1. Using helices alone, what [θ] at 222 nm do you get for the chain, with -39,500 (n - 2.57) per DSSP H run of 4 or more residues, divided over all residues and rounded to the nearest 500?
2. Using Cα atoms only, what is the angle between the long axis of helix 123-132 and the major principal axis of the chain, expressed in degrees (0 to 90) to the nearest 10?
3. For the chain, with all protein chains present and a 1.4 Å probe, just round the carbon and sulfur fraction of the accessible area to a whole percent.
4. Please list, by residue number, every one of the GluC sites (Glu not before Pro) in the stretch 36-108 that is coil in DSSP and has at most 15 other beta-carbon atoms within 10 Å.
5. Evaluate the charge dipole of the chain about its Cα centre and quote only its size in Debye, nearest 20, assuming +1 on the Cβ of each Lys and Arg and -1 on the Cβ of each Asp and Glu.
6. Give me the compactness ratio for the stretch 4-132, meaning the Cα radius of gyration over 2.2 N^0.38 Å.
7. Pairs of alpha-carbon atoms within less than 8 angstrom and 6+ residues apart define the contacts here; what relative contact order does the chain have, in percent?
8. Within the chain, what is the longest stretch that has no trypsin sites (Lys or Arg not before Pro) placed in a DSSP loop and near at most 12 other beta-carbon atoms within 10 Å?
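The values are calculated or read from the model by the stated rules, or taken from the named source; none is laboratory data. Just so we're clear, the structure is a prediction, and the values are computed from it rather than from any experiment. No Cβ is skipped: glycine too gets one built from the backbone with ideal geometry, and neighbour counts run over all protein chains shown. These accessible areas exclude ligands, DNA and RNA; they are computed on the full protein's heavy atoms, side chains included. Shrake-Rupley method; radii C 1.70, N 1.55, O 1.52, S 1.80 Å.
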Amino acid sequence: MEIKTFDFKIHGDSRGKLVAIETLRDIPFEVKRCYYMWETTEGVTRGKHAHKKLEQVLICVHGKCKILMDDGHEKAVVELNDPSVGLHIKGLIWREMFDFSNDAVLMVLASDYYNEEDYIRNYEDFMKCVESGE
Ligand code: T46
């Protein structure tokens with residue numbers, strides 16, 4: 001499975017660091033939504049779903065966490081621990097987020113508004129979509 005990450009430019013000076021992410025320049029889609037999660041309960045796994053159309057970039061802006069990606073054929077785990085790195089998730093990918101550090105803040109830039117109909121929350125349904133090439 002191809003893992004696509006973006007290394008965002010860090011603007012650093014004596015005051016500290018700053019990353020700017022511009023739509024269609026630093027990431028390949030128009031951002032319609034941003035959400036983030038923090039104070040994730042120790043040992044918990046979030047996600048456990050796929051999306052039909054949504055495209056996203058995940059950035060752990062503080063702390064660290066791991067992302068499992070599964071395309072129905074292969075699985076890969078990526079650790080996010082750098083606020084200047086974004087993980088691109090596009091297409092039919094089952095994702096799980098786990099191993100959150102206590103201080104982790106996971107921010108997500110999404111290509112569309114929240115729509116429960118775009119979710120595939122059952123793994124068997126996900127595999128049916130993979131097999132049918134939907
Ligand atoms: C994804 C992974 C990486 C909203 O009302 N609006 C939103 O934009 C989102 C993302 C969630 N919600 C509500 C729906 C649920 O009642 O917030 C609650 C928690 O959402 P969910 O259980 O889907 O969260 P995660 O962490 O399992 O998954 C999220 C995204 O939903 C998903 O698109 O790819 O992060």
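1. On the way: 1 runs with 10 residues, N = 134.
Calculated at 222 nm, the ellipticity per residue is -2000 deg cm²/dmol.
2. Orientation of helix 123-132: about 70 degrees from the principal axis.
3. The C+S portion of the solvent-accessible surface of the chain is 46 percent.
4. E39, E42, E74
5. 320
6. Dividing the Cα Rg of the stretch 4-132 by 2.2 N^0.38 Å gives 1.08.
7. Once normalised by length, the contact order is 33 percent.
8. By the stated rule (loop sites, at most 12 other Cβ atoms within 10 Å), 54-120.
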